[in-house]
Amino acid sequence: MSVTVEKLEKSMAKLKIEVSAEQLEKAIQKAYEKNKNKIQLPGFRKGKAPRKMIEQMYGKGVFYEDAANELIETEYPKAVEECGENVVSSPKIDVEQLEAGKDFIFTAEVALKPPVKLGKYKGVEVEKMDIDVTDADVDAEIDKQRNTNARTVDVTDRAVQNNDIVTLDFEGFVDGVAFPGGKGTDYPLTIGSGAFIPGFEEQLIGFEIGKEGDVNVKFPEEYQAEELAGKDATFKCTVKAIKAKELPELNDEFASDVSEFDTLAEYKEDVKKKLVEKKTNEEKAKREDAVVKAVIEDSDMELPEAMVETQQRQIVNDFAQRLQMQGMNMDQYLQYTGNTVDKMLEQVKPQAIERIKSRLVLEAVAEKENITVSDEEFEKELEKMAEQYRMELSKLKELMSDAEKKIMKSDLAVQKAADFLVENVKEGAAKKAAKKTTTKKAAEKADDKEEKPAKKTAAKKTTAKKDAADGEEKPKKTTRKKKTEE
């Protein structure tokens, strides 16, 4: 196998891959062996017809497609490794020559890792984020635990209240006509959960067991079922049962039941410690997000469209895998939501671009600062992974390919680059001054009008995980030919 590289515009390249005629012949023979049991010719038992007889009957190219797919799948990754280029997209494959007795030639058009012109990345100004855990935060966290350990009791002497769990029969009507999917029997619903469309659950408050009542709502304009979007609807509802949560008493006994501590005071102290740790990690993630975005804005890069498309597909594929873990496949999800794969790909495009740019600038910082991962650091990370999966370290190493280890080292270097940026940030003086001025004005306004200053909006977390910026996908099987000689 030999490969040549033709550089194209906008970080694209075309790899021309030539496979020897001998390899092609082996692939054709393998395709014959794979398919012969499916073919029956007059005078021969099924699976016993000679290859030449099949080729005479169906054409000498009858096994070309399987042979080509086999060679593309095995030789393309080798070609990428041999050419030494940093491929960051799925390949667009074209077959240029496919004929027995001649070399097999195909091309792969791919995106290469684009160059990044780093701007300022040291001493980037970001707003300081304070870590403050109040008694109210601790109480709220403990209340979650109390709710988790609450028991439910049947309620028969009152109407529905907020946070009750009701057993509900309902049927929905639009313009007096029942609509498909609008009926439910013995449906469990927690009032205030937000599981139903806005306004539905609140109207159930006050319903008594066994008495039918109407709930009038308006479907959202962007509702998934287009025939119901924006429509007024009436649901005839009957509450068949009411259950209420009975929270455990907050005392030493509760603390010993839900934790390793004997007293409520010790338990609260531990909860506060864990909240501080959690908020510290959140603050670090927000600072990382802010500094990476600042570096991106001050840097220059042009992303190949093929690279973005590959990342879009990766995001959608990851989502599909998460659905499967929850017991639902993509087809079911699309049917329930009225969405399409093409729409999903377009929806995740901004996310794909953000992921790629984050990865590229962090890789550029790692290269600029000569940030690497030592063998000791890599070994420690493998030990953590082995512990997480409850495996022997030696077994984990056996299961990991060299390519996977390389990717893991790259991920670690990228995270170290992110840590480097966070360690080198500084709080902008202008932002601090603006913060003080805003606080002063808000305080004066609060004195005059008895209003509180508005809360700040939390920043979104950025992750520095592996994406399409550092790894190509396997080629899709194809035999689309430019020149096929017979």
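Out of curiosity, is residue 269 over 30 Å from residue 135 (Cα atoms) and open to solvent by 80 Å² or more (accessible area, probe 1.4 Å)? No: the conditions fail for residue 269.
For residue 27, the stated conditions hold: it is open to solvent by less than 30 Å² (accessible area, probe 1.4 Å), out of contact with any Cys (no Cβ under 7 Å at 6 or more places or on another chain), part of a helix (DSSP H, G or I) and in contact (Cβ under 8 Å) with a residue 40 or more places away in the chain. The residue that is farthest from residue 224 (Cα to Cα), among those in segment 305-333 that are of a type in the set (Asp, Glu) and over 13 Å from the mean Cα position of the chain (by Cα), is 305. Can you find a residue that is exposed (fewer than 14 other Cβ atoms within 10 Å of the Cβ), acidic (Asp, Glu) and closer than 30 Å to residue 297 by Cβ anywhere in segment 317-326? Yes. When segment 282-292 is filtered for residues that are closer than 17 Å to residue 416 by Cβ and open to solvent by 60 Å² or more (accessible area, probe 1.4 Å), only 284 remains. Residues considered: 41, 15. Of these, the only one that is open to solvent by less than 50 Å² (accessible area, probe 1.4 Å) and in contact with a Ser or Thr (Cβ under 8 Å, 6 or more places away or on another chain) is 15.
Looking at residue 296, is it over 30 Å from residue 177 (Cβ atoms) and either outside any helix (DSSP H, G or I) or in contact with a strand residue (DSSP E or B) (Cβ under 9 Å, 6 or more places away or on another chain) (or both)? Spelling it out, it is not the case that residue 296 is over 30 Å from residue 177 (Cβ atoms) and either outside any helix (DSSP H, G or I) or in contact with a strand residue (DSSP E or B) (Cβ under 9 Å, 6 or more places away or on another chain) (or both).
Taken as a whole, segment 250-262 holds at least one residue that is touching a Leu at 6+ places or on another chain (Cβ under 8 Å) and among the aromatic types (Phe, Trp, Tyr).
Scanning segment 64-114 for residues being farther than 30 Å from residue 359 by Cβ, part of a loop (DSSP other than H, G, I, E, B) and open to solvent by less than 40 Å² (accessible area, probe 1.4 Å) gives a total of 2. Residue 232 fulfils the conditions (1) touching a residue at least 60 places away in the same chain (Cβ under 8 Å); (2) closer than 30 Å to residue 182 by Cα except for a single criterion, (1). Is at least one residue of segment 243-257 within 30 Å of residue 337 (Cβ to Cβ), in contact with an Asp or Glu (Cβ under 7 Å, 6 or more places away or on another chain) and not in a loop (DSSP other than H, G, I, E, B)? There is no residue in segment 243-257 that is within 30 Å of residue 337 (Cβ to Cβ), in contact with an Asp or Glu (Cβ under 7 Å, 6 or more places away or on another chain) and not in a loop (DSSP other than H, G, I, E, B). Scanning segment 217-228 for residues that are under 17 Å from residue 335 (Cβ atoms), free of Cβ contacts under 8 Å to residues at least 60 places away in the same chain and of a type outside the set (Phe, Trp, Tyr) yields a count of 2. Is it true that some residue in segment 73-80 is within 30 Å of residue 361 (Cα to Cα) and among the basic types (Lys, Arg)? Checked segment 73-80: at least one residue is within 30 Å of residue 361 (Cα to Cα) and among the basic types (Lys, Arg).
For first residues located in segment 156-182 and on the phi > 0 side of the Ramachandran plot, partners that are aliphatic (A, V, I, L, M) and lie 6+ apart or on another chain with Cβ distances below 8 Å form the pairs 163/191; 163/244; 181/225. The single condition among (1) acidic (Asp, Glu); (2) in a helix (DSSP H, G or I); (3) over 15 Å from the mean Cα position of the chain (by Cα) that residue 302 does not meet is (2). When residue 54 is tested against the conditions (1) closer than 14 Å to residue 27 by Cβ; (2) without any contact (Cβ under 8 Å) to a residue 40 or more places away in the chain, the lone failure is (1). Scanning segment 384-431 for residues that are open to solvent by 60 Å² or more (accessible area, probe 1.4 Å), at pLDDT 90 or above and among the aliphatic types (A, V, I, L, M) returns 391, 399.
Scanning segment 157-190 for residues that are hydrophobic (A, V, I, L, M, F, W, C), out of contact with any Gly (no Cβ under 9 Å at 6 or more places or on another chain) and closer than 29 Å to residue 247 by Cα gives 165, 166, 189.
The values are calculated or read from the model by the stated rules, or taken from the named source; none is laboratory data. Everything numeric in this text was worked out from a predicted model, so none of it was measured. Neighbour counts run over all protein chains shown; Cβ positions are idealised from the backbone, glycine included. Accessible surface is based on the protein model in full, side chains and every heavy atom, while ligands, DNA and RNA are left aside. Shrake-Rupley method; radii C 1.70, N 1.55, O 1.52, S 1.80 Å.
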